[in-house]
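Asks: Encoded as structure tokens, here's the structure I'll be asking about.
The values are calculated or read from the model by the stated rules, or taken from the named source; none is laboratory data. These figures come from a predicted structure and were not determined experimentally. Methodologically, a virtual Cβ is constructed for each residue, glycine included, from the backbone with ideal geometry; neighbour enumeration extends over all protein chains shown. Only protein heavy atoms, including side chains, enter the accessible area calculation; ligands, DNA and RNA are left aside. Shrake-Rupley method; radii C 1.70, N 1.55, O 1.52, S 1.80 Å.
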Amino acid sequence: MTSLSEIADVVARQVVAPPEATQQAVGYPSLFLLVVVGSLVPVVPTGALVSGAAVVALHQSLPVFSLLTVFGVAAFAAFLGDIGLYWLGKRGVGSKNGSRWLAALRERAAPERLEQADRKLREHGVAVLVLSRLVPAGRIPVMLACLLARMPLRTFARGDVFACLAWAAAYQLIGIAGGALFPEPWEGIAAAVGLTLVISAAPSVWRRLRARGRERASAPEA
């Protein structure tokens with residue numbers, strides 16, 4: 001006869017750790033939608049999402065299949081988000097009055113980063129798109145440079161395919177590393193998400209420190 005403690009233990013396991021089928025049915029569509037939205041507007045840390053999903057996939061009964069699924073879903077969602085954002089920005093470039101999407105891209109790209117992206121684009125062509133997604137805060141300046149150079153959508157898409165594949169692989173490796181270091185999934189997720197957030201914030205912090213250093217150097221001596 002099953003005791004009350006055994007029943008409570010089973011219920012707790014189902015609530016805290018739902019079956020894999022439930023995790024996959026909810027997790028993959030959620031990952032897809034959040035990465036698409038995060039590629040369009042900067043409200044979702046998409047890299048952290050991919051790393052966290054990779055940690056969960058690593059602890060599934062079929063980790064290889066789960067990791068491949070996470071990789072495919074993340075890369076495809078990032079590609080769709082990039083193409084959608086580029087198409088919206090391209091409409092603004094072709095319009096006399098511009099568009100709010102193009103204006104938002106300009107606001108998110110610092111002038112010095114845009115100048116650097118434009119120079120790299122002239123030197124290396126669409127190959128710079130691959131690095132743009134691997135370098136934190138590098139995607140928007142390069143995309144804006146492509147828009148201002150009036151790069152065709154088809155040309156942008158060809159380069160962005162490899163950029164999204166490389167991006168998904170890089171952040172998934174961070175998740176795999178975090179999941180392999182800790183026995184509990186939540187510990188690996190916390191480590192992977194923390195690392196991706198630090199990587200994402202590092203460029204802006206570095207730019208602020210450099211700006212303060214230049215201000216101090218240019219200030220007249222007391």
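Asks: Between Arg122 and Glu107, what is the label-to-label distance in nm when each label sits 7 Å out along the Cα-to-Cβ direction?
Replies: Between Arg122 and Glu107, the label points sit 2.9 nm apart.
Asks: Does the range 22-126 classify as rounded, prolate or oblate by the C-alpha gyration tensor (a ≥ b ≥ c root eigenvalues; a/c under 1.5 gives rounded; else a/b over b/c gives prolate, otherwise oblate)?
Replies: Verdict is prolate for the range 22-126.
Asks: Here's a follow-up. Considering all projection directions equally, how large on average is the shadow of the alpha-carbon convex hull of the range 64-137, in square nanometres?
Replies: On the way: hull surface 24.6 nm².
Its average projected convex-hull area is 6.1 nm².
Asks: Right, next: With a bin width of 10 angstrom, please list the P(r) values of the range 45-185 as percents of all Cα-Cα pairs, from the 0 bin to the one holding the largest distance.
Replies: For the range 45-185, the binned pair fractions read 12, 38, 28, 16, 6, 0 percent.
Asks: Kindly rank 31-37, 50-56 from highest to lowest mean number of other beta carbons found within 10 Å of each residue.
Replies: Details: 31-37: 18.7, 50-56: 28.0.
The peptides rank, most packed first, as 50-56, 31-37.
Asks: Another question, then. Can you give me the solvent accessible area of Asp118 with a 1.4 Å probe, rounded to the nearest 10 Å²?
Replies: 50
Asks: Ignoring ligands, DNA and RNA, what percent of the 1.4 Å accessible area of the range 37-87 is carbon and sulfur?
Replies: On the way: 1690 of 2000 Å².
Within the range 37-87, the accessible surface is 84 percent carbon and sulfur.
Asks: Next question, about the same structure. Can you pull out the trypsin sites (Lys or Arg not before Pro) in the range 95-181 whose DSSP state is coil and whose Cβ has at most 12 other Cβ atoms within 10 Å? Could you put the intermediate results ahead of the total?
Replies: On the way: sites: Lys96, Arg100, Arg106, Arg108, Arg113, Arg119, Lys120, Arg122, Arg133, Arg139, Arg150, Arg154, Arg158; in loops: Lys96, Arg150.
When the trypsin sites (Lys or Arg not before Pro) of the range 95-181 are filtered for loop state and at most 12 Cβ neighbours within 10 Å, Lys96, Arg150 remain.
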